[in-house]
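Everything below concerns the one structure shown next.
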Amino acid sequence: MASAASGMMPLQACLGGLFIGAACGAYMILVGRIAGNSGVMKALVLGPREPTKIAFLGGLMGGGALMKTLLPGAFEAARAPSLAIALSGLAVGLGVALGNGCTSGHGLCGLSRFSLRSLAAVPTFMGVAIVAATVTTYNGTIGSPLPITPTPQPTIDLAAKLAANLAVAVLPAFVLKGTLKEVYAGLWVGTCFAVGLSVGGMVRPSVVINALAPVRFDATLWVLFMTALATTFGLYRVATVRANANPNPD
């Protein structure tokens, strides 16, 4: 398995960000919905269990399983269960429920819509995350940033093939109608999102921790986020133009 500490791969982070941004933008263009991962999970637990949200979650899970097979080196071994992890998960769950959004719903979609709530939420949860990660990992020294390493060519080739297949797979969503369109769009968006998270390194907890703490700084998360945000922002402008030109699509 490739080590997350071996170096930053900014190209791979950009590729992941493009997939994630495309997923967020496509969901708005196709069905006018926010691609919020925490909102999908909340709906599954508390309802309403809309078909498109269930399909979105299915795409995330299926896409993750697919990437585990196609790009196993992108994943780290899961940490052993512990009370700390359980409490952390509970805190995150409560936070995204109370804040009505996460890094996708607020950070990408909300900022792209110029949502005031998102403009307040994103600096808050990212700032607190930086403090928490620093406090829990700081050992008295600040290490040098991870070196930049090139993305392996097989990974680039795989990303290109996945992008081509996803581009073809999205076409039916432009001709389907009603609930079937929303379900198909949700499945496609969830799958595309999962591909982006995997390719971009977000399935390695150490990458996220190293982006938030100064001990061994890794800019992968920030490169991916900015790429995803720029892509989402551009596609949201397309969605706005499309909605104005066709106010009653169905």
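The values are calculated or read from the model by the stated rules, or taken from the named source; none is laboratory data. Nothing here was measured: the structure is a model prediction, and the numbers come from that model. Note: ideal-geometry Cβ built from the backbone for every residue, glycine included; neighbour counts use all protein chains shown. Protein only, heavy atoms only, side chains kept; ligands, DNA and RNA dropped before computing areas. Shrake-Rupley method; radii C 1.70, N 1.55, O 1.52, S 1.80 Å.
Do we find that Leu60 is among the hydrophobic types (A, V, I, L, M, F, W, C), assigned to a helix (DSSP H, G or I), at pLDDT 85 or above and over 14 Å from Gly200 (Cα atoms) in this structure?
Values: among the hydrophobic types (A, V, I, L, M, F, W, C): yes; assigned to a helix (DSSP H, G or I): yes; at pLDDT 85 or above: yes; over 14 Å from Gly200 (Cα atoms): yes.
Answer is yes for this residue.
Return a yes/no flag: does the range 66-88 have any residue that is β-branched (Val, Ile, Thr), in a helix (DSSP H, G or I) and modelled with pLDDT of 90 or more. So far as the range 66-88 goes, yes, one or more of its residues are β-branched (Val, Ile, Thr), in a helix (DSSP H, G or I) and modelled with pLDDT of 90 or more. For first residues located in the range 106-123 and open to solvent by 20 Å² or more (accessible area, probe 1.4 Å), partners that are of a type in the set (Phe, Trp, Tyr) and lie 6+ apart or on another chain with Cβ distances below 8 Å form the pairs Leu111/Phe233; Arg113/Tyr236. Do we find that Thr103 is among the polar types (S, T, N, Q), surrounded by 16 or more Cβ atoms within 10 Å (Cβ to Cβ) and touching a residue at least 12 places away in the same chain (Cβ under 8 Å) in this structure? Yes, satisfied. Of the residues making up the range 137-185, those that are open to solvent by 60 Å² or more (accessible area, probe 1.4 Å), polar (S, T, N, Q) and under 24 Å from the mean Cα position of the chain (by Cα) number 2. Within the range 134-144, the only residue that satisfies the criterion of being touching a Pro at 6+ places or on another chain (Cβ under 9 Å) and at pLDDT 85 or above is Thr134. Scanning the range 207-250 for residues that are touching a Gly at 6+ places or on another chain (Cβ under 9 Å) and aromatic (Phe, Trp, Tyr), which turns out surrounded by the most Cβ atoms within 10 Å (Cβ to Cβ)? Per the criteria, the residue is Phe225.
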